[in-house]
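Engineer: Handing you this structure, nothing more for now.
Only the coordinates and a few stated rules stand behind these numbers; no lab work does. Nothing here was measured: the structure is a model prediction, and the numbers come from that model. Heads up, the Cβs are rebuilt from the backbone with ideal geometry, glycines too, and the neighbour counts pull from every protein chain shown.
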Amino acid sequence: MSHREKTAWLSLIALAVTFGPYFAMVAINPPDGSLPNLRQLGLYAVVAIVQLLILGAGHLYLRRASPEEARMPADERDRAISQRATTWAYYVLIAGMIVVGCIMPFTTGGWTLVNTALAMITASQVVHYGIAVLNYRRQA
Amino acid sequence: MQGSISNNIRALRFHHGEMSQAQLGQRIGLTRQTVAAIEAGKYSPSLEAAFRIAQVFGVPLTEVFQWQAVESD
């Protein structure tokens, strides 16, 4: 497994173990509409910090495990995979932003809007790293 | 016209002192995994990378890569 595939897996796992539980909690127990709602803001801050810590520790571990591979610049296949992943993630993100920015403001607001926007950004990230992992697995 | 690209990289590596995929990759600026994907026919390299591979083995491009056309009705 190449260094870039490992980092794509790491990013996917970090998203799954942080924003997965966050959105599950938000779906089960939706925050009240009052703003700024510091409890909800605090929960989001904790999730974002935990994600950063997982990514930081993971990247550090991967760099120490195979320093030569980590130093190697992206080759043409890495760039092609990244381009494919970015294209698909862009479609998800733009669809999400149309929903959040052009449709939802007429029906809802507050944290529902904020969490939907966060969910769309997370979904686009999942698609990005998912497509990258899939392409690396298929040797495409 | 449809077709597929095949290659002789594995044989050429063998005939050049059993060069490893990592060694070949290092000489042409590709990762070992990319060389493995090219060898397996899963990834078609850029023209520049193809020429570099041929240059490493000191053979013309057509000795490394072959295009097999499939005539469709």
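Engineer: Can you give the angle from 0 to 90° between the axis of helix B:47-57 and the longest principal axis of chain B, with both taken from C-alpha atoms, to the nearest 10?
Structural biologist: 50 degrees
Engineer: Dipole of the protein assembly as shown, Cα-centred, from +1 at each Lys and Arg C-beta and -1 at each Asp and Glu C-beta, to the nearest 20 debye? Before the final figure, lay out the partial values.
Structural biologist: Working: 17 positive and 13 negative charges, 102 e Å.
Here the size comes out at about 500 debye.
Engineer: Taking a quarter of the surface of the Cα convex hull of chain A, what do you get in nm²?
Structural biologist: Directional mean of the projected Cα hull area for chain A stands at 9.3 nm².
Engineer: With contacts defined as alpha carbon pairs under 8 Å and 6 or more residues apart, what's the relative contact order of chain A in percent? Intermediate values should be presented prior to the final figure.
Structural biologist: Details: 98 pairs, mean separation 56.7, N = 140.
About 41 percent, as a whole number.
Engineer: Also, quick follow-up: Translational D (Stokes-Einstein, µm²/s) of chain B at 20 °C and 1.002 mPa s when Rh comes from the Kirkwood sum over C-alpha pairs?
Structural biologist: 170 µm²/s
Engineer: Now for a different question. In deg cm²/dmol, rounded to 500, what helix-only [θ] at 222 nm does chain B give when every DSSP H run of at least 4 residues adds -39500 (n - 2.57) and the total is split over its residues?
Structural biologist: Calculated from helices alone, the mean residue ellipticity at 222 nm is -13500 deg cm²/dmol.
Engineer: Mind listing the Cα extents of the stretch A:3-45 along all three principal axes, in Å, largest one first?
Structural biologist: Between the extreme Cα coordinates on each principal axis of the stretch A:3-45 lie 44, 19, 10 Å.
Engineer: Set the Förster distance to 25 Å, then compute FRET efficiency between A:ALA24 and A:THR86 from the Cβ-Cβ distance, nearest 0.05. Please report the intermediate quantities before stating the final value.
Structural biologist: On the way: r = 27 Å, r/R0 = 1.10.
E(calc), rounded to 0.05, equals 0.35.
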